[in-house]
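Here you go, one structure.
The values are calculated or read from the model by the stated rules, or taken from the named source; none is laboratory data. Nothing here was measured: the structure is a model prediction, and the numbers come from that model. Virtual Cβ from ideal backbone geometry, glycine too; neighbours counted across all protein chains shown.
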Amino acid sequence: MLEEGGETMKKQILFAVDGSSKCMQAAAGLAQLVCDQHDYQFQLLHCSPRQTALRPGELWDADRSIAFARKEQDEQADQFFAATVSVLQENGITADRIQMGIQYNSTDPGSEILDTAKKQRIQTIAVARRGRTQAQSLLLGSISSRVAQYAENRTVWVVDAPLNRTRKALVAVEGAPECRALTYYAAEWIAAIPELRYTLLHLLPRVPPTLWDDGHILDPEEGRRREQTRQDWRAEWTRKVEKFMDEARHALIHGGVPENRIETRIENVHEGVAMDLLSELERGQYQLMLMGKRSFLRNKPFLLGSHANKILFNARSTILGLVDAS
């Protein structure tokens, strides 16, 4: 990735810091993945919660109370930053690749993370999943799911640490436009990471109900014609998929990935797209998975029943990279 004049453009990751053990594990996993890529930089952000009340006896001096609250927020943020920087440096990220920022009096960390990424023109946001159950996330709303849902023109890495250490990346593609968005991101952002192996996977959907029958029992000749129609449908779908997956393979090769580290697979859906992808994640122990999603901001909802949302809730020990394919 080059700026005007031929200089290498830095790849900034906005990483939300909260001092939790999951956050520290996520920082270690991210650092281990990109430590050898010196164009990666970490922008640490801590959203410090608003103080809900003034201290007893200090109502007469609101300015002093606010200053004291600001001091407390700074002290807490410094502790979180120091711990995170230590983890990053232990895993190969040098001090010159780390910057820090604080959002004072935070009331909506998810929105503030997104606003910071937009203002600083950071394309990739990383958040650690805190380990909530699906029911808790639905009831309370987690920061990671909110950021993933509302990020527009940004890619969100939801990190479920500790990570698999397999150097394997799964790229789950549906249609051609989404495949191009995923491939462009992969070629620009992760192709240079050494030793990664890529699996480009497309799950062939079930034959549409309209190709099965016309509401009556088919006679033998109608049955043969209908079966040929279904075979033609599968063949045409497969042909289209093979074309855009071949384009994706060449884009990765152009980005520096050796051809023998790229696998393309087209498989039939078995239990459902989300369940099949989760099964593949578990079977393959992937360290990273990229898939497309559509943001709420473009009125194309990242719905509770969508493939991406089911995987967001259930993917384990991986970095789930959600690329806005709107």
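Test residue 253 against the criterion of being β-branched (Val, Ile, Thr), in contact (Cβ under 8 Å) with a residue 60 or more places away in the chain and assigned by TED's automatic domain parsing to the domain that holds residue 173, and give yes or no.
Values: β-branched (Val, Ile, Thr): yes; in contact (Cβ under 8 Å) with a residue 60 or more places away in the chain: no; assigned by TED's automatic domain parsing to the domain that holds residue 173: yes.
When the stated conditions are applied, residue 253 does not pass them.
Going through region 216-256 one residue at a time, which ones are closer than 16 Å to residue 179 by Cα and either more than 35 Å from the chain's Cα centre (by Cα) or β-branched (Val, Ile, Thr) (or both)?
Passing the criteria: 238, 241, 253.
Residues that are of a type outside the set (D, E, K, R) and farther than 25 Å from residue 323 by Cβ: does region 195-208 have at least one? Let's see the steps before the verdict.
To start, the set of residues in region 195-208 that are of a type outside the set (D, E, K, R) comprises 196, 198-205, 207-208.
Add one more test, that the residue is farther than 25 Å from residue 323 by Cβ, and what stays is 207-208.
The answer is yes, given that some residue of region 195-208 is of a type outside the set (D, E, K, R) and farther than 25 Å from residue 323 by Cβ.
Checking residue 124 against (1) in contact with a Gly (Cβ under 9 Å, 6 or more places away or on another chain); (2) farther than 23 Å from residue 186 by Cα, which test does it fail?
Answer for residue 124: the failing condition is (2).
Okay, next question. Is it the case that some residue within region 65-81 is within 25 Å of residue 161 (Cβ to Cβ), surrounded by 17 or more Cβ atoms within 10 Å (Cβ to Cβ) and modelled with pLDDT of 95 or more?
So in region 65-81, the residues within 25 Å of residue 161 (Cβ to Cβ) come out as 76-81.
Those still in the list that are surrounded by 17 or more Cβ atoms within 10 Å (Cβ to Cβ) too: 77, 80-81.
Narrowing further to those that are modelled with pLDDT of 95 or more: 80-81.
Yes, some residue in region 65-81 is within 25 Å of residue 161 (Cβ to Cβ), surrounded by 17 or more Cβ atoms within 10 Å (Cβ to Cβ) and modelled with pLDDT of 95 or more.
The rows are residues; the columns are (1) among the small types (Gly, Ala, Ser); (2) over 29 Å from residue 293 (Cβ atoms); (3) not assigned by TED's automatic domain parsing to the domain that holds residue 285.
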{"residue": "171", "(1), (2), (3)": "no, no, no"}
{"residue": "175", "(1), (2), (3)": "yes, no, no"}
{"residue": "184", "(1), (2), (3)": "no, no, no"}
{"residue": "192", "(1), (2), (3)": "yes, no, no"}
{"residue": "196", "(1), (2), (3)": "no, no, no"}
{"residue": "231", "(1), (2), (3)": "no, yes, no"}
{"residue": "234", "(1), (2), (3)": "no, no, no"}
{"residue": "257", "(1), (2), (3)": "no, no, no"}
{"residue": "263", "(1), (2), (3)": "no, no, no"}
